[in-house]
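So the structure is just underneath, and the comments pick up after that.
The values are calculated or read from the model by the stated rules, or taken from the named source; none is laboratory data. Model, not experiment: these values are computed from the prediction. No Cβ is skipped: glycine too gets one built from the backbone with ideal geometry, and neighbour counts run over all protein chains shown. What goes into the accessible areas is simple: the full protein's heavy atoms, side chains included, and nothing from ligands, DNA or RNA. Shrake-Rupley method; radii C 1.70, N 1.55, O 1.52, S 1.80 Å.
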Amino acid sequence: MEEKVIKYSSFDGKEVEGFLVTGGNKAGIIVISEIWGITEYVRNVARRLAGLGFTALAPNLYSRDSEIFNERTISSVMRRFFSLPPEKRGDREALAEIVEGLTEQEKRIYQDLVVNRASTEDRMLKDLEHAFHYLKSLGLPKFGAIGFCMGGGLAFQLSTQVPLDATVVYYGRNPRTLEDIAKIKGPVLAHYAGEDSAINQGVPDMVRAMIQYKKELDMKIYPGTYHAFATEGGHVYNEAAAKDAWDRTVRFFTRVLG
């Protein structure tokens, strides 16, 4: 098994860094991080997948501005935002109070990841499309994606934009336009936390769309768990649920990708 940091060209001619782990040529799998970026947990996911005989690529979707956007700085800003109760995250006064205490660099993070989140994810999706083309250039026979939290939503959306043979979603948002589910090529495996109303409110509509467009879906809800329950070292980590979800992920990728 070999691991290294690579660079690939994206849509605007700029280079994106990626953590590449080669464990075999069964398939290429894109590993899409949580909002924090490339953490040790994400690297370990890539390593585990390589250990199954796959080539795993975790793109650093912040590598264009890594001095501003890195695990430490993003965590510093977003944890302040997440400290607000869900019902207050749209409260202008509460948000203004948080923003007032940010440095100029931190305000840039807040703008990109909160205020302008949709346009930021548009750019990330283009970078992910080019990650797919990078893996394709390696001559691999099949392709998959796995994503967590923000990355789960990006993986689900990516499956509607490039021909993935298998997609794994960990508590991610639905594709933006449910009609685009018709474009999904391969099966989808989805894991959801029982106590995650912001994400779960969209699940019924997603299931109806998967049925409407005759797509294969395997999903499981883990009662009593919270968003990000699979993140080792996280404050809501649930070992039993995380292990079960990973076992299901391994069986799924092994069945579909080899």
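Evaluating 6.51 cos²θ - 1.76 cosθ + 1.60 at θ = phi - 60° for every residue in region 83-97, the Karplus couplings come out as 5, 6, x, x, 6, 9, 6, x, 7, 4, 5, 5, 5, 4, 5 Hz, glycine and proline recorded as x. Once the chymotrypsin sites (Phe, Trp or Tyr not before Pro) in DSSP loops with at most 14 neighbouring Cβ atoms within 10 Å are cut out of the chain, the longest remaining piece is 12-212.
Among rounded, prolate and oblate, which fits region 1-99 when a ≥ b ≥ c are the square roots of the eigenvalues of its C-alpha gyration tensor, a/c under 1.5 means rounded, and a/b larger than b/c means prolate? Note, shape of region 1-99 comes out prolate. Across region 106-212, C-alpha contacts under 8 Å between residues 6 or more apart give a mean separation that, scaled by the residue count, equals a relative contact order of 19 percent.
Working note: Cα atoms of the chain, range along each principal axis, descending, whole Å: 51, 39, 35.
Computed over protein heavy atoms with a 1.4 Å probe, the accessible surface of the chain works out to 47 Å² per residue. Loop-located GluC sites (Glu not before Pro) across region 165-258 with a Cβ neighbour count of 16 or fewer within 10 Å are Glu216, Glu232, with loop assigned by DSSP.
Which of rounded, prolate or oblate describes region 76-142 when judged by the alpha-carbon gyration tensor and an a/c cut-off of 1.5? Note, shape of region 76-142 comes out prolate. Cross-linked pairs Lys14/Lys243; Lys126/Lys185; Lys142/Lys220; Lys4/Lys183: Cα-Cα separations exceed 27 Å for Lys14/Lys243; Lys4/Lys183. Note on region 43-117: the alpha carbon radius of gyration divided by the globular reference 2.2 N^0.38 Å gives 1.42. Across the chain, Cα pairs under 8 Å and at least six residues apart give a relative contact order of 16 percent.
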